[in-house]
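Some notes on the structure that comes next.
The values are calculated or read from the model by the stated rules, or taken from the named source; none is laboratory data. Note that this is a predicted model, so its numbers are computed, not measured. Note that we place each Cβ from the backbone using ideal geometry, even for glycine, and neighbour counts take in every protein chain shown.
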Amino acid sequence: MELAELAVKKALDFGATEAEAYVQKVKRLWIEFADKIDSFKIIESIGMGLRVAVNKKLAIHSTSILSEREVEEAAEKAVKIAKVAPEDPYWKHLNKEFGKSPAQGYFDDKLEAMEYSEIIEKLNAAIDKMKEYDNRVKPTRGMLMASILNTTILSSYGEKNERKETHLAAWMRAKAEDYGEKSTGTEHCEVRFWNEMNLEEMAIRAAEKAVKFLKAKPIESGKLPVIIRNQVFASILGVILSGPINADWVQKGRSPLSNKLGMQVAAQNINIFDDGTLRGGWRTRPFDDEGHPTQRTTVIGNGTLKNYLYDSYTALKDNVKSTGNAFRDQYWMPLQPLPTNLMLEPGNVSPEEMIQETRGGIFIDETIGEWLSNPVSGNLNATITHGYLIENGELTTPIKGIVISGNFYEILKDRMELIGNDLRNNMQNYSPTVKLTEITIAGK
Amino acid sequence: MEIERETEKIVKKAADLGVSHVDICYQQYDYELITVENKALKSYSSRRLGGLGIKVALNDAVGYASTCDLNYASLEKTLENAIKAAKLIKKEEKRIVEAKVNRIEMKSPYKIDPLNMAPEEKVSAALDANKAAWIDKKIKSAITRLGISKDYRIFISSEGSRVVTETTMIGVAHESVAKSNGIMERVPYQESKCAGYEFIKSMDLNSFAADISALAVEAVESKTPPAGTYAVVVDPNVIGLLLHEAFGHASEGDLVSTRESVLYGKIGSQVASEHVTIIDEGIIEGGYFYPFDDEGVKKEKTVVVENGILRSYLHNKTSAYEFNVASTGNGRAQDFENLPIVRQTNYYMGPRDHKFEELIEDIDFGIYIRGKGATGGQVEVGMGTFTFGVGPSKIIKNGELAETVRGVVISGFILETLKTIDAVGKDLTVRTSVFGGCGKMGQTVRVGDGGPHVRIRKMTVGGR
């Protein structure tokens, strides 16, 4: 990658003591649809994030205009900003530990070679399935994304790492209408391989859900046992824990898990991992966004807080090894430690068994607003858009429009009654279905 | 500009290839973000994004492709990609309305270009503000951010439009975390304006940060409200958030045409109480400067709701065609990599005639819901369900403000909620943000929202 080398070289020429270029080349298909395909986009982009240090002074500059002149200007601007930045007393050096873990399942060579028409055909077939399901159902919105990412990281320590990844994501919503009653059903899926994406199944499930919820109603406020579906609890897990287990939050005093290493923070049967090597995981890759190898890290083992997640900066500050969690959401964003694939270890109960052994309670199938939960206090809030009453071991009346609240840390400690065996992901967060002993519900 | 000459060639080439309509969007976007955490500079990042997107209509099918590589060969390849995309979805028919051909340049005014300010001055402003936030031992963490953006766009169409817009924006954000008796509370807040560095100079950044800390300390020592349904008064931040998220999205023409919105088929009917008027407007004090949309259409003042009656949806050229109306100038794209979809600009409730004291005086027990410290919201437009985490608020007892409550979450069904509005204040505040925006279908755009203080008779409040 000539321009990356040029950027690093120029940064050093302008007076940087260290420099790192992160170049990302993206090819992305983006399809939007409703009851038919609305638009088809082909995006080809490239961008470079340049991180420079002038002794202990740091700066990041990025650009998507990769001409020689712009790269030179970018290097100059980065160094200029770094020179005026106050010293970071904790700065030691850029990552020097380059390498690759044996992570697998992050690149689909079939997707790269595939004709676009195959994607269009599969998608049209799924849309048709949704329409055929029931004449009260209409596909109202959906998105399908396929991307191929080439990432190169190169540093002034003479190290270089390259990786090629694929991501596929789809999201679709069905709406049902019957004599003025309206309802929706939404399904989503994020995978690394085209053959793991079952669009027709998603379409049918969304349609089925929309029809079932035509008669959904809120329920009275109260406290009830709940079963939370895997993808929903995965999302909650990510919203609450991604920050607090990040070493940066811990070091800055923002994390409620600060000073709790080795302490019991959850019930004995709870294991939570971060696994950058998870086969086919949404954020699986051989090295992180500063070139450090990825790994599997136990965050909570048998209820005890075992590790925080580190990039090299936070690791050097604590005098420990990086856990390979350096992450940039986009090439132009600052680096920070974040989970790769965050996972609540599955247990051995099936969701059906959970329901069967529940006399009274609710099953949560879909929520909105869970990201409004507060990771610092652990205050959990979500609005259930799709739930069911559980009566004598069976899902009965569909319910909607109620708010659940509770404290996530209390849930981990003593409200987690059962952990399911059906692991699924919501982006990089993985969880099985879980049953909680009790949760507060604000209803009508 | 050289790029404009290349663009003209692409428009001609597209015509030669039988393309009936071409829109080209060139963009150069600059962004700077200074982050200070706990009295130290955490990062100074700056970003430049430049590129060009081509939208073609071929036998009524729309194809889109974009590139960052601006040499002519790459632009030609991008045109070919757009045509390829259009051919693949040729089955469908997607028509658009005609709109006036505009040839105009409009730039948001500023005195001092914030991108040209010395980096050290910007850093020290943020650093000083952060240091001023440590007002109490209970403050455990403080983050201050200074953000600057400049968005320059050229829109060119095969019909002859050439619309150049530039919006310069600056803002400061601060977040304090307070801890007491094992409870932690986070209060984030921000102020932004379409202006230059003079906006930062005119602000007292130190008291801005200190005030947020004071609120975090006050909140951490307060209780959460009992869950239930109450009469509430919401402040301009909250009514803005509520309207934008729970009503604004539902009024977006594309979501209406797919019948996804609760507002489908409701033009001319009562959707809110008679006190409610809702407007979407491209240029308004305090809001985001958006004179023309990304389809070259002027963003006029759109009255969405008038005295409780739904008058208009928001439209781009595509949704306008389906409703047989004119585009309202709401076709917006995040950047050159995205197709314009129907988006709000500055969405707000029109003021009426009540003083704040009059709004609370007949509430025996309720809550004054405040937006400062709000963490955001989410909505399901199909059913109109909303849920928002708002800031530390105040209990209203016997017509007067009483103690502060924290951890307040409001939720409800928007059409029911808006019908229980029985009084609207005479103040008006519209706000925007340089730190984020509104997300829809994977695209984020800058928006403004607001309104006056508003009394809502029935609101579900979840606490703990």
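For the reader, a short list of remarks on this structure follows.
- Out of A:Ser405, A:Ser431, A:Ser373, sole residue that is among the small types (Gly, Ala, Ser), away from every other protein chain (no Cβ under 14 Å) and closer than 24 Å to A:Ile272 by Cβ: A:Ser431
- Strands (runs of 3 or more DSSP E) (entirely within region A:358-444) containing at least 2 residues that are under 18 Å from B:Glu380 (Cα atoms), touching a residue at least 12 places away in the same chain (Cβ under 8 Å) and in the same structural domain as A:Asn348 (by TED's automatic domain parsing): A:360-368, A:379-391, A:394-399, A:402-407
- Boolean, B:Lys55 is part of a strand (DSSP E or B), surrounded by 16 or more Cβ atoms within 10 Å (Cβ to Cβ) and facing chain A (nearest Cβ under 8 Å): no
- Total residues in region B:225-253 satisfying the condition of being crowded, with 18+ Cβ neighbours inside 10 Å, closer than 26 Å to B:Ile363 by Cα and hydroxyl-bearing (Ser, Thr, Tyr): the figure is 1.
- Of the set (1) surrounded by fewer than 20 Cβ atoms within 10 Å (Cβ to Cβ); (2) within 14 Å of another protein chain (Cβ to nearest Cβ), all apply to A:Leu395 but (2).
- Filtered residues of region A:348-374 (kept if surrounded by 17 or more Cβ atoms within 10 Å (Cβ to Cβ) and modelled with pLDDT of 90 or more): A:Val349, A:Pro351, A:Met354, A:Ile355, A:Thr358, A:Gly361, A:Ile362, A:Phe363, A:Ile364, A:Asp365, A:Glu366, A:Thr367
- If you go through region B:406-464 and keep only what is crowded, with 23+ Cβ neighbours inside 10 Å, within 14 Å of chain A (Cβ to nearest Cβ) and within 21 Å of the chain's Cα centre (by Cα), you end up with B:Val409, B:Ile410, B:Ser411, B:Ile414.
- Only a single item in (1) more than 30 Å from A:Thr314 (Cβ to Cβ); (2) crowded, with 20+ Cβ neighbours inside 10 Å is not met by A:Arg192, and it is number (1).
- Region B:63-83: number of residues that are assigned to a helix (DSSP H, G or I) and within 7 Å of chain A (Cβ to nearest Cβ): 1
- Pairs where the first residue, in region B:384-411, is without any contact (Cβ under 8 Å) to a residue 24 or more places away in the chain and the second is part of a loop (DSSP other than H, G, I, E, B) and surrounded by 17 or more Cβ atoms within 10 Å (Cβ to Cβ), C-beta under 7 Å, 6+ apart: B:Gly389/B:Ala374; B:Gly389/B:Thr375
- Given (1) among the aliphatic types (A, V, I, L, M); (2) in contact with a Pro (Cβ under 7 Å, 6 or more places away or on another chain); (3) more than 18 Å from A:His292 (Cα to Cα), index of the condition A:Ala103 fails: (3)
- Selection within region B:38-51 - touching a helix residue (DSSP H, G or I) at 6+ places or on another chain (Cβ under 7 Å) and either buried (at least 22 other Cβ atoms within 10 Å of the Cβ) or within 8 Å of another protein chain (Cβ to nearest Cβ) (or both): B:Leu41, B:Tyr44, B:Ser46
- Selection status of B:Asp128, among the acidic types (Asp, Glu), out of contact with any Phe, Trp or Tyr (no Cβ under 8 Å at 6 or more places or on another chain), assigned to a loop (DSSP other than H, G, I, E, B) and surrounded by 14 or more Cβ atoms within 10 Å (Cβ to Cβ): no
- Of the set (1) at pLDDT below 90; (2) surrounded by fewer than 22 Cβ atoms within 10 Å (Cβ to Cβ); (3) closer than 30 Å to A:Gly49 by Cα, all apply to B:Gly18 but (3).
- Of the strands (runs of 3 or more DSSP E) lying entirely inside region B:364-464, the ones with 1 or more residues being more than 27 Å from B:Glu191 (Cα to Cα) are found at B:365-369, B:376-380, B:385-389, B:393-397, B:400-405, B:409-413, B:421-424, B:454-462.
- Taking region B:101-115 as the range and being in a loop (DSSP other than H, G, I, E, B) and under 26 Å from the mean Cα position of the chain (by Cα) as the test, the residues that pass are B:Asn102, B:Ser108, B:Pro109, B:Tyr110, B:Lys111, B:Ile112, B:Asp113, B:Pro114, B:Leu115.
- Tabulated pairs, region B:11-37, first within 14 Å of chain A (Cβ to nearest Cβ), second of a type in the set (Val, Ile, Thr) and in a helix (DSSP H, G or I), C-beta under 8 angstrom, 6+ apart or interchain: B:Tyr26/B:Ile3; B:Tyr26/B:Thr7; B:Ile34/B:Val123; B:Val36/B:Val123
- Residue check, A:Lys41 more than 20 Å from B:Asp30 (Cβ to Cβ), buried (at least 22 other Cβ atoms within 10 Å of the Cβ) and facing another protein chain (nearest Cβ under 10 Å): yes
- Count - residues of region B:254-274 that are touching a residue at least 40 places away in the same chain (Cβ under 8 Å), in a loop (DSSP other than H, G, I, E, B) and surrounded by 17 or more Cβ atoms within 10 Å (Cβ to Cβ): 8
- Filtered residues of region A:140-160 (kept if surrounded by fewer than 22 Cβ atoms within 10 Å (Cβ to Cβ), more than 13 Å from chain B (Cβ to nearest Cβ) and either touching a residue at least 24 places away in the same chain (Cβ under 8 Å) or within 30 Å of A:Glu187 (Cβ to Cβ) (or both)): A:Ile148, A:Leu149, A:Asn150, A:Thr151, A:Thr152, A:Ser156, A:Tyr157, A:Glu159, A:Lys160
- Test for A:Lys77: is it under 20 Å from B:Tyr31 (Cα atoms), surrounded by fewer than 24 Cβ atoms within 10 Å (Cβ to Cβ), within 11 Å of chain B (Cβ to nearest Cβ) and touching a residue at least 40 places away in the same chain (Cβ under 8 Å): no
- Where a residue in region A:200-224 is touching a residue at least 60 places away in the same chain (Cβ under 8 Å) and surrounded by fewer than 19 Cβ atoms within 10 Å (Cβ to Cβ) and its partner, wherever it lies, is hydrophobic (A, V, I, L, M, F, W, C) and assigned to a helix (DSSP H, G or I), with Cβ under 6 Å and at least six apart: A:Glu200/A:Ala126
- Residue satisfying all of: in region A:82-126; away from chain B (no Cβ under 14 Å) and acidic (Asp, Glu); nearest to A:Glu162 (Cα to Cα) among these: A:Glu97
- Looking across A:Lys252, A:Lys260, one residue alone is within 14 Å of another protein chain (Cβ to nearest Cβ) and modelled with pLDDT of 95 or more. It is A:Lys260.
- Total residues in region A:397-444 satisfying the condition of being under 30 Å from A:Tyr106 (Cα atoms) and not basic (Lys, Arg): the figure is 15.
- Filtered by the rule that a residue be of a type in the set (Ser, Thr, Tyr) and at pLDDT 95 or above, region A:214-238 gives a lone residue, A:Ser235.
- Selection within region A:52-71 - more than 9 Å from chain B (Cβ to nearest Cβ) and either surrounded by 24 or more Cβ atoms within 10 Å (Cβ to Cβ) or touching a residue at least 40 places away in the same chain (Cβ under 8 Å) (or both): A:Val52, A:Ala53, A:Glu68, A:Val71
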